[in-house]
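What follows draws every value from the coordinates through simple rules; no lab data is involved. This structure is a prediction, so every number in the text was calculated from the model and none was measured. Note that each Cβ is placed from the backbone with ideal geometry, even for glycine, and that neighbours are counted across all protein chains shown.
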Amino acid sequence: MSRLLFAVLALALSSCATLGGANYYSVDEEWQAGRQLEAQLRTQLPLTNDATLTRYVDQIGQAMARQTPLGNRQWKFFVVRDDAINAFNVPGGLVYVNTGLIANVGSAGELAGAIAHEVAHGAARHGTSRLSKAQEANILAGVLGGGGGVEGIAAQIAAQGAFASFSRSDEREADRLGVQIMARTGYDPDGLGDLLERLASQERSGGTAFFRTHPLSSDRMQTVRQLARQYDGRGLRMNDSQFASVRRRAAQL
């Protein structure tokens, strides 16, 4: 894996930190940089060519992205052939879901919860907010980093991955927004609570690496369950007719 790719993924998986809501990069700049990062990742990640899996994830993701303030932007959803139970967002409307996650969740609602969480990170622009904080730190230190234009922004996103730190506040925000996104898309938000509970159980038994990139605080599951209660009785779905076959396909790859 190239150092550039490693840095991009480190930033993307960190979920990033915020700087009091400040973001020094425009949405246009972020989305243009995302196209460059997408091209780099396409050559480095083992993206699956299974059209059924990709279409299923893309349909869920696109429906969710439309429920965000950035729904008019181009979002792209990919399935990565990787047994690790994980999903991540890259700045510029890019979401990657591992086959290991699809194969190990218990319902379409759990998978939708993971996708909604990543869409929420992207819609809240946590990646470029993290970059803005790093840039401010560089200025205070008298350091100028990166070049100008979109190429410079993409390079800075990659380079600052080395300084990425986990943010529990961003995870809480992504959970809160993810619950809203799920309900608006017709999914029961308890699916996200189920996912967090499943992964916490696996983590206790020495399993998944998911929480190394999406840190679990003791109150996350409780908060998600509480937020989901307001949608009880609205006929939201936890499963669909395609999920079982999609999960089998992911497990076979």
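What the table below lists for this structure:
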| item | result |
| --- | --- |
| Amide H within-cut-off set for Leu47, under 5 Å, with H built and near neighbours excluded | Arg81 |
| From phi via Karplus (6.51, -1.76, 1.60), per-residue ³J(HN,Hα) for segment 195-201 in Hz, x at Gly/Pro | 4, 4, 5, 4, 5, 5, 5 |
| Estimated FRET transfer efficiency when R0 is 25 angstrom, pair Asp28-Asp219 (beta carbons, to 0.05) | 0.10 |
| Extension reserve of the Arg176-Gln44 stretch, reckoned as 0.36 nm per residue once the Cα distance is removed | 44.3 nm |
| Simple label model, 7 Å out from Cα along Cβ direction - Ala84 to Ser201, nm | 2.4 nm |
| Placed amide H near Met238: partners under 5 Å, 5+ positions off or other chain | Asp188 |
| R0 of 25 Å, Cβ-Cβ distance Gln230-Arg66: FRET efficiency to nearest 0.05 | 0.70 |
| Extension gain, Ala244 back to Thr52 (0.36 nm per residue minus Cα-Cα distance, nm) | 67.9 nm |
